[in-house]
Amino acid sequence: MDSLPADIADPWRDEYGAVDPGKVAAAIESLGRVWVDRDGAAKALEATKATVLAQLTVNLIDSGTPSTQARTRAMASDEYAAHLDALLLARKRANIAKVNFDAAKAGFEATRTAEATRRAEMHTLDRR
């Protein structure tokens, strides 16, 4: 079986096999930015949820639906359901991006621990 190129097998290592802090920082920052963008999109949809419902309710009242029924009909409308679906999808994407961001940070911490252990082992071997 062919081995993967170094930048795919371990994207944080340089051509000599050492962890490149610049690559680590860039990768984690990139994942963090994706999370922030997706979280912002989800929060924007959450913030407009009441506004969308209010607009649908007003439109129904303006078209003759009694106000006592307008809110219920607005909540049952396809437009409101589409808004909620978009909100749920955006929140799911944001949550996945957060998991990816946190996993990258944890992966770096594990790599850093492994590197420290390797250095300590080399130091112990040098003393023999």
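The values are calculated or read from the model by the stated rules, or taken from the named source; none is laboratory data. Because the structure is predicted, anything quoted here is derived from the model rather than measured. So basically every Cβ, Gly included, is an ideal-geometry build from the backbone, and we count neighbours across all protein chains shown.
What's the total number of residues in the range 34-50 that are farther than 13 Å from residue 83 by Cβ and of a type outside the set (A, V, I, L, M, F, W, C)? So the answer is 5.
Residue 68 meets each of the listed conditions (1) modelled with pLDDT under 95; (2) of a type outside the set (Gly, Ala, Ser); (3) surrounded by 16 or more Cβ atoms within 10 Å (Cβ to Cβ); (4) more than 30 Å from residue 13 (Cα to Cα) apart from (3). Output yes when any residue across the range 73-96 is touching a residue at least 24 places away in the same chain (Cβ under 8 Å), out of contact with any Gly (no Cβ under 8 Å at 6 or more places or on another chain), surrounded by 11 or more Cβ atoms within 10 Å (Cβ to Cβ) and among the basic types (Lys, Arg), and no when none is. Within the range 73-96, one or more residues are touching a residue at least 24 places away in the same chain (Cβ under 8 Å), out of contact with any Gly (no Cβ under 8 Å at 6 or more places or on another chain), surrounded by 11 or more Cβ atoms within 10 Å (Cβ to Cβ) and among the basic types (Lys, Arg). Restricted to the range 51-65, and to residues that are surrounded by fewer than 10 Cβ atoms within 10 Å (Cβ to Cβ) and of a type outside the set (Ser, Thr, Tyr), which residue is farthest from residue 84 (Cα to Cα)? That would be 64. Does residue 45 satisfy the criteria of being surrounded by fewer than 15 Cβ atoms within 10 Å (Cβ to Cβ), of a type outside the set (Ser, Thr, Tyr) and in a helix (DSSP H, G or I)? When the stated conditions are applied, residue 45 does not pass them. Quick check: anything in the range 36-58 closer than 28 Å to residue 13 by Cα and among the hydrophobic types (A, V, I, L, M, F, W, C)? Yes, the range 36-58 has at least one match.
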